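See structure below.
Just so it is clear, none of the values below were taken in a lab; they were calculated from the coordinates. This structure is a prediction, so every number in the text was calculated from the model and none was measured. Backbone-built Cβ (ideal geometry, glycine too); neighbour counts: all protein chains shown.
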Amino acid sequence: MANSSVFNGVFCLVATNCCAEQLRAYSALDNILVACIAILRQLCSIRRSAPRSVLQSLVSSLVLQRLNPGNATLGGIPSHLTKRMQSVLNSAALLVFSASRYDCITPLLTQLYWLKVPECIKFKLAVLVYKCLHQTAPPYLAEELHQSSADKACQRLRFASTSSLVVPRTRLSTISARAFPVAAARLWNTLPLNVTSASSISVFRKHLKTILLLL
């Protein structure tokens, strides 16, 4: 059965194949992006008088906090929404540095220690998986994930002794592949062992973000 949750006004899909709910989520995300653009335009009026540290703080609290909540569930969203999210993030970075839109954005994002949108989605999803595996996430999510070592069909595989997850079989390559247990397992299995075996959530976040910043 599909599960859903609401974060800061964004209706986020956790594990669903319902097209109606997906459209609702995408519409809500679109409204968030419109609001972020409006905020950035307002902040532009004070960028010459405000120090960079103040601008960064305002952008983080007023824009990034709207973009980030719940984006662990946005894997596989339409490319035009991903591009719009990245455009908002790029505009935010340009605003903080009072840079031109023709400047290279990657060094600015790296200096701010901000992940690009695809990597940010991966980061939040991987953190959610880590919490599921360490019993700090909602039970209905944790129950969706199964370690390979606990699966009889995978016991003879070489990776069965690692922290790999079983990827559920899917019939639809588009909708079903975006369901939480599928997307989460596929992402988790791509992470190096030194990351997935982190002793604490803080260590996991640090190692994971370092890797994603290099992508």
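Which order do Y26, Y130 fall in if you start with the one that has the fewest other Cβ atoms within 10 Å?
On the way: Y26 17, Y130 22.
Ordered by Cβ neighbours within 10 Å, fewest first: Y26, Y130.
What does the charge add up to near L214, with Lys and Arg as +1, Asp and Glu as -1, over the other residues with Cβ less than 14 Å from its Cβ?
Net of charged neighbours comes to +3.
If you take the beta carbon distance between A38 and H134 as r and set R0 to 45 Å, what does 1/(1 + (r/R0)^6) give as a FRET efficiency, to the nearest 0.05? Provide the component values of the computation, followed by the final result.
Details: r = 39 Å, r/R0 = 0.86.
Efficiency, rounded to the nearest 0.05: 0.70.
The ranking of L165, L112, L193 by Cβ neighbour count inside 10 Å, starting from the fewest, reads L193, L112, L165. Label-to-label distance, H146 versus S202, with points set 7 angstrom from Cα along the beta-carbon direction: 3.6 nm. Per-residue Cβ neighbour counts within 10 Å put S197, S100 in the sequence S100, S197, beginning with the fewest.
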